[in-house]
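Working notes, structure below.
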Amino acid sequence: MIAYLKGKILVKKFGELVLDVNGVGYQIFVTKKISQREINIGDEIAVITYLDVKENALNLYGFDDEKEREMFKLLISVNGIGTKMAHNILSNVFFEELIGLITGANFNFKIPGIGTKKLELISMSLKDKVFKLNISEGTLSSENKLSGSEQIRNEALTALLNLGYQRSEAEKSIREVLKLKEGTNLNTEELIKKALSL
């Protein structure tokens with residue numbers, strides 16, 4: 001499995017790069033975050049990758065970080081979403097926007113070739129799974145009724161940071177939720193969901 005590539009950019013198009021890695025040109029279908037980087041032909045970049053192996057094709061998909069690759073894997077786990085459609089989604093919206101879609105916080109954008117029903121299916125299928133993403137040092141957990149309010153608070157904070165939120169806004173959202181009457185009785189997943197809704 002090709003999990004990472006570092007090389008010089010030979011070709012740059014919307015949602016696609018060709019990377020020269022030691023004399024071999026790799027075509028990589030990349031996300032919006034990579035496409036909008038200030039990079040030019042001849043620049044050297046590193047890309048986290050996912051190799052899609054099919055009977056008649058080998059396709060490489062490239063991601064800015066591990067969060068994006070994990071999200072890609074979640075998308076292709078949804079019934080009717082293949083690797084090309086998952087790439088289409090991530091080449092048109094940022095990771096944070098997709099989290100907003102999945103958690104029901106944001107449906108205010110359109111993705112070419114994907115209708116409202118498909119977006120609703122993605123949201124419905126991944127709403128619970130998104131809290132189980134294993135990203136870098138933190139793990140998003142949906143364990144119920146974890147012991148210790150501080151542990152729950154810390155896990156919720158880690159989850160929000162891994163979802164791309166700034167520490168200051170994540171901490172503020174959690175504080176706001178905990179001020180509410182029912183805030184102290186929430187488990188980790190409930191705390192994360194309420195914080196996201198703020």
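Summary table below
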| read-out | value |
| --- | --- |
| Selection within the stretch 42-57 - closer than 21 Å to residue 94 by Cβ and either assigned to a helix (DSSP H, G or I) or in contact with a helix residue (DSSP H, G or I) (Cβ under 9 Å, 6 or more places away or on another chain) (or both) | 45, 47, 48, 49, 50 |
| Among (1) assigned to a strand (DSSP E or B); (2) touching a helix residue (DSSP H, G or I) at 6+ places or on another chain (Cβ under 8 Å); (3) farther than 20 Å from residue 163 by Cβ - the single one residue 79 does not satisfy | (1) |
| Boolean, residue 88 is among the polar types (S, T, N, Q), farther than 23 Å from residue 197 by Cα and either out of contact with any Phe, Trp or Tyr (no Cβ under 8 Å at 6 or more places or on another chain) or crowded, with 21+ Cβ neighbours inside 10 Å (or both) | yes |
| Residue that is free of Cβ contacts under 8 Å to residues at least 40 places away in the same chain, among the aliphatic types (A, V, I, L, M), part of a loop (DSSP other than H, G, I, E, B) and out of contact with any Pro (no Cβ under 7 Å at 6 or more places or on another chain), where the choices are 9, 28, 39 | 39 |
| Residues (at pLDDT below 75 and either under 16 Å from residue 99 (Cα atoms) or not in a loop (DSSP other than H, G, I, E, B) (or both)) located in the stretch 159-187 | 162, 183, 184, 185 |
| For residue 62: the one exception among (1) in a helix (DSSP H, G or I); (2) in contact (Cβ under 8 Å) with a residue 40 or more places away in the chain; (3) within 15 Å of residue 36 (Cα to Cα) | (1) |
| Selection from the stretch 12-25 of residues that are small (Gly, Ala, Ser), in a loop (DSSP other than H, G, I, E, B) and surrounded by fewer than 16 Cβ atoms within 10 Å (Cβ to Cβ) | 23 |
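The values are calculated or read from the model by the stated rules, or taken from the named source; none is laboratory data. Treat the numbers as computed from the prediction; the structure is a model and nothing was measured. When we count neighbours, we look across all protein chains shown, and the Cβ atoms used for this are built from the backbone with ideal geometry, even at glycine.
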